[in-house]
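Everything on this sheet refers to the single structure shown next.
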Amino acid sequence: MKRVVFQSCGPEQENGRSSKGNQLKWSDGKWWYKADYMGYEGLAEVVASQMLSHSTVPNVVAYEPVEIEFHGERLMGCRSRNFLHPEEELITLEHLFRMHTGMGLSGMLGKISSVKERIRFLAEQVTVYTGLEKFGRYLAGMLEVDAFFLNEDRHTNNMAVIYHTRTGDFRLCPYFDMGLSLFADLREAFPPEMGAEECRKRIWAKPFSRDFDEQMDAANELYGSCLRFQEKGSVLLEELKRMDVFGKGCYEERVLLRVEETLRQQMRKYAYMFRVTR
């Protein structure tokens, strides 16, 4: 496992806020590094990206586990390659809508009563602002990914497009930032002694509905279903177990067991997403 040492946080830390607080982040230009803050965000990022690398989702940020030393403290975390090309910048959808309307996207969505119409509104307006004709299907895939991995942090500052500052062109952003998935928040919502079933009773989705399946189904009706895994669930789970991040000494055994149990439950619930061999 890669081990890195940082003496201070750069300006990237200013953008490190999630809906649950500040996560330590660093960049060396080539790689982005994130330290666990709420619990096991790094583990969740690595698990999700590794499984999605065996799926029909075309563009996912690949995360790998790292051990970070910061001010003498050992922290677990993850890193990913910088996916921005020269002269590109990441624009969150919250910022995009404020640029064009002067209003916050989350507030605008709250004024629309239907989950389906919230999704349609967002997809159509993003297409108007950016010219990205396939944004609706991209959004549907995102909501499927979030439903499967139980990502509770898909707020409107955690959805983005990529803007080329010289040409003015936009492109779709790879799926990223799934650290608060799989009940990774040990600090507040899902303490380590809590079982997976109890965790399920306490989790809420974002940003269109509190119910993962409701927003996923609405998006699928509008733009079709995107996510399919290209291996059997059991094969993917065995591959995860062989990874360093699942080794002893990285995370508590009860954390690893909860993640495995949650994945098995999700594989049963969404069995149609997995390859079936005859």
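Observations on the model:
- Residues located in the stretch 141-172, provided they are touching an Asp or Glu at 6+ places or on another chain (Cβ under 7 Å) and either more than 15 Å from Ser209 (Cα to Cα) or not hydroxyl-bearing (Ser, Thr, Tyr) (or both): Ala147, Arg154, Asn157, Asn158, Ile162, Tyr163, His164, Thr165, Arg166
- Residue ranges of helices (runs of 4 or more DSSP H) in the stretch 126-238 with at least 2 members in contact with a strand residue (DSSP E or B) (Cβ under 8 Å, 6 or more places away or on another chain): 135-149
- Check on Lys241, of a type in the set (Lys, Arg), modelled with pLDDT of 90 or more and open to solvent by 60 Å² or more (accessible area, probe 1.4 Å): no
- Scanning the stretch 185-201 for residues that are closer than 19 Å to Gly42 by Cα and surrounded by fewer than 18 Cβ atoms within 10 Å (Cβ to Cβ) yields Arg187, Glu188, Pro191, Pro192.
- Residue in the stretch 129-136 that is open to solvent by less than 10 Å² (accessible area, probe 1.4 Å), touching a residue at least 60 places away in the same chain (Cβ under 8 Å) and either more than 29 Å from Leu182 (Cβ to Cβ) or within 14 Å of the chain's Cα centre (by Cα) (or both) present: no
- Within the stretch 102-127, residues that are closer than 10 Å to Phe208 by Cβ reach partners that are crowded, with 18+ Cβ neighbours inside 10 Å and of a type in the set (Lys, Arg) with beta carbons closer than 7 Å, at six or more positions or on different chains, in the pairs Leu109/Arg118; Ile112/Arg118.
- From Leu105, Leu182, Leu96, residue being surrounded by 14 or more Cβ atoms within 10 Å (Cβ to Cβ), closer than 24 Å to Tyr33 by Cβ, within 20 Å of the chain's Cα centre (by Cα) and aliphatic (A, V, I, L, M): Leu182
The values are calculated or read from the model by the stated rules, or taken from the named source; none is laboratory data. In this text the structure is predicted, and so the values were computed from the model without any measurement. A quick note on method: Cβ atoms are made from the backbone with ideal geometry, for glycine too, and the neighbour counts reach across all protein chains shown. Heavy atoms of the whole protein, side chains included, go into the accessibility calculation; ligands, DNA and RNA do not. Shrake-Rupley method; radii C 1.70, N 1.55, O 1.52, S 1.80 Å.
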